[in-house]
Amino acid sequence: MRALARIALVLGLIGCAREIDQRSVAQGPTAQLDSLIRALDAPEPAERRRAFRELAALPAEQLGRSRARILERLRSGQAGDQGLAWSEDLVALLVALRPEGIGLLREALARGDADERALAADGLVRSGEAGLHVLVAALTALGGVDPAIRNRAAEAASALASEPQRAKRLQAAHLLGRIAADGFAHSPADGRAVLARLDRSLEDEDASVRVAALGALRLLGAHALPALDRAVALLADPEPRVSRAASEALARFGPPGVEALKGLLGSPEAALRRSTLVAVRQLDAVDDAWAELLLPLADDPDAGVRLEAYRTLARQVVDLRSRAGTAQRALVALKRAAAADPSAQVRAEVIALLGSVPGAAENVGVLRRALGQQEPVVLEQTIASLAELGHRARAAAPELERLSLSGPSALRPRALAALVAVQPDGKRLARRLGRLLEKSQDPDVQVLAARELGKLGLAAADDQMPLIKAMTRKDERLRDTAMNAILAIRKAQRQASG
């Protein structure tokens, strides 16, 4: 019995020991964490650094539960007389506390201690993309940042340019452009050092990244001259948005960029000539010497080049009112193209230009003649341009009435709407609408003519007979529209007489 009692006692003691050990294990991490947090306020720097180091090494889940307490202690330490003992250990802890720790790192950049700022910059870089964005934003906001910090940011952004994810490579291009701008604001050498890092983005396999890198060059303007050759090469990029971005960048490069564009107008590559003309339109102004270079391209064998030449002549010569002789020559080229360019699409685009340049009302004669062309794309654009001119194009009313009656079926309603837009005299318009209502076999034109007669009110009082006849047609929609039009006209008559 005594042996059994001894065995039971031993087993009980073992059980208690296990329970105590388990309780210690359960409480140990919490006690350890509390001890480390208290050590953040220790007077000895070595003790605080130990706490930084050991807290940074804790599992993220355990650290996360006490994140607010740790940050509160750190902020109170920062505000105290001694301040935080900035070290690699503290930076490691703030990186572990991201994203909240990024705030303290950002604040450290604004203080005067160079070593502290360098440590904070390194911590922001190690905090991932969010920290890097904060660092880049701080470069401009703070001003006069140590070049070593700028270089650290540039290195981190450059590393993103090699990532497989397109989103990260896009960020690299944007960030490097901003870092380069900050560098140029302080010294040309600093800016050029960062600018060179954009090469990888300019060569990226993804068009969006190349566009972003060119956008950075455009913002840098004349500072980006070291990348002039690369921008010129990208004018010939097979992706249209890339070549357009290259043209926009070159137009901001100052005189060297302008001279490069002049030379490219004679390129044997049609795509390069097109992109160059787009770039010329980005320039603030061109002189008559430019016009002399542009006019010959109106006869280029490539339709796309001719179109871009016409657009450029309209924008940079006619719109900007160059010397009278040069502007007149450009306008003659545009009018000739509207009538005789081999491409119907080009003629349509030029007609749109003629309808929008200053003094467009003087071009109504050209637009009227264009209504005699056969291609629907030309007719559609001409109708739209005349409608846009409104009463200034009233001389085109006969041609628009003809098209409303016998033009391509898809364009008849548009021609009638343009006729209404250009004819300022209500009574004359009523007569034209009455004729269309009687003669047209197109139900849509008939209904539109009847509706517009009703809108004219009193001006259509003498042209109600076509509406009365329309009420006998089989088309119920037309009968209803004619009835409503007659009622509207007679209401206007009563109001005028009473």
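The values are calculated or read from the model by the stated rules, or taken from the named source; none is laboratory data. Remember, it's a predicted structure, so these values are computed and weren't measured experimentally. Ideal geometry is used to build each Cβ from the backbone, glycine not excepted, and the neighbour counts take in all protein chains shown.
Here is a yes/no grid of residues against (1) in a helix (DSSP H, G or I); (2) modelled with pLDDT of 95 or more; (3) charged (D, E, K, R); (4) surrounded by fewer than 20 Cβ atoms within 10 Å (Cβ to Cβ):
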| residue | (1), (2), (3), (4) |
| --- | --- |
| A291 | yes, no, no, no |
| P301 | no, yes, no, yes |
| R311 | yes, no, yes, yes |
| V317 | yes, no, no, no |
| T326 | yes, no, no, no |
| V350 | yes, yes, no, no |
| S356 | no, no, no, yes |
| A361 | yes, no, no, yes |
| E380 | yes, yes, yes, yes |
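With S208, S267, S243, S247 as the choices, which residue is over 23 Å from Y310 (Cβ atoms) and hydroxyl-bearing (S, T, Y)?
Working: S267 fails: over 23 Å from Y310 (Cβ atoms); S243 fails: over 23 Å from Y310 (Cβ atoms); S247 fails: over 23 Å from Y310 (Cβ atoms).
None of the other options fit; the residue is S208.
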Quiz item: Looking at L456, is it assigned to a helix (DSSP H, G or I), surrounded by 18 or more Cβ atoms within 10 Å (Cβ to Cβ), at pLDDT 95 or above and not assigned by TED's automatic domain parsing to the domain that holds L405?
Solution: no
